[in-house]
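The values are calculated or read from the model by the stated rules, or taken from the named source; none is laboratory data. Small disclaimer: the values here were computed from a predicted structure and weren't measured. Cβ coordinates were reconstructed from backbone atoms using ideal geometry, including for glycine residues, and neighbour counts include every protein chain displayed. SASA here: full protein model, heavy atoms, side chains in, ligands and nucleic acids out. Shrake-Rupley method; radii C 1.70, N 1.55, O 1.52, S 1.80 Å.
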Amino acid sequence: MQQQKPQHLQKKQSYHLTPWDLSLISAHSVQFGLLFAKPPSSFSVSSSSFDSVGDQNHLSSGAFVDQLKHSLSRTLAHFLPLSGRFVTNKHDDPPSSSISIECNNDSSQGVDFIHAAAPVTLYDILSPRYIPPIIRSFFASYDDGTMLMVNHDGHSIRLLSVQVTELVDGYFIGCSVNHAVVDGTSFWHFFNAWAESCRAKENSDELISQPAILERWFLKEH
């Protein structure tokens, strides 16, 4: 397991949870996953940057995972709340409490990135009528088939965990994310931005086509 942090985070950022967000604070995290086939020439992978077959467009397993990690850090710079932690704030006037997401450069920040392997094929996953139980092991939020994380745990654990499981002939990218931070639409916005960053050239760190809107407001003051 490794920790990935957003690039270029220079100052503390705070994002307050709305009443709607807080209504999910006791619910479980949510899981999203995508299954990808390996290029035919990379079923037998090596530690080199590219396949030994000679196709320079096909990254080896190690290079592919490194590219995912690096592009994840670039993407998190545009989706800072996913790399923060919950903090409960107490107020005196009137007596009340609120929860915010605090993002800074200390050691508790970042998301979990796990690279795992499973001796199964795409056919083993896609051919059964029902989802095979092994799929749960492709998400960091499960242990022995049991859901581990509740959204309130975001005070002490990662708001986002990514597990890349290498199969015999494919990859499964599973994400476990705090449901008080994102819904399905905002998660897929993040995932699409990550895919865009992964495909981009090294010198395009600052550019994604659809930046996230992180302001929490209903009516804009003029």
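Going through the range 121-165, which trypsin sites (Lys or Arg not before Pro) have at most 16 other Cβ atoms within 10 Å and a DSSP loop state?
The qualifying sites are ARG129.
For the pair HIS91/HIS70, report the inter-label distance in nm, with labels modelled 7 Å from Cα in the Cβ direction.
The answer from the label model is 4.5 nm.
Round to the nearest 10 and report in Å² the accessible area of CYS198, as given by a 1.4 Å probe over the protein chains' heavy atoms.
Looks like 20 Å² after rounding.
For the range 89-140, run through the chymotrypsin sites (Phe, Trp or Tyr not before Pro) and keep only the ones in DSSP coil with at most 15 other Cβ atoms within 10 Å of their Cβ.
Answer by residue number: TYR130.
What ranking of THR88, THR121 comes out by heavy-atom accessible area, probe 1.4 Å, highest first?
Values: THR88 70, THR121 40 Å².
Reading off the accessible areas and sorting them downward yields THR88, THR121.
Once label points are set 7 Å from the Cα along Cα→Cβ at both ILE131 and ILE213, what is their separation, rounded to one decimal in nm?
3.1 nm
Find, among the GluC sites (Glu not before Pro) in the range 116-208, those assigned to loop by DSSP (not H, G, I, E, B) with at most 15 other beta-carbon atoms within 10 angstrom.
GLU206
What distance in nm separates the simple spin-label points at LEU22 and ARG199, each placed 7 Å from Cα in the Cβ direction?
Using points 7 Å along Cα→Cβ, the separation is 4.1 nm.
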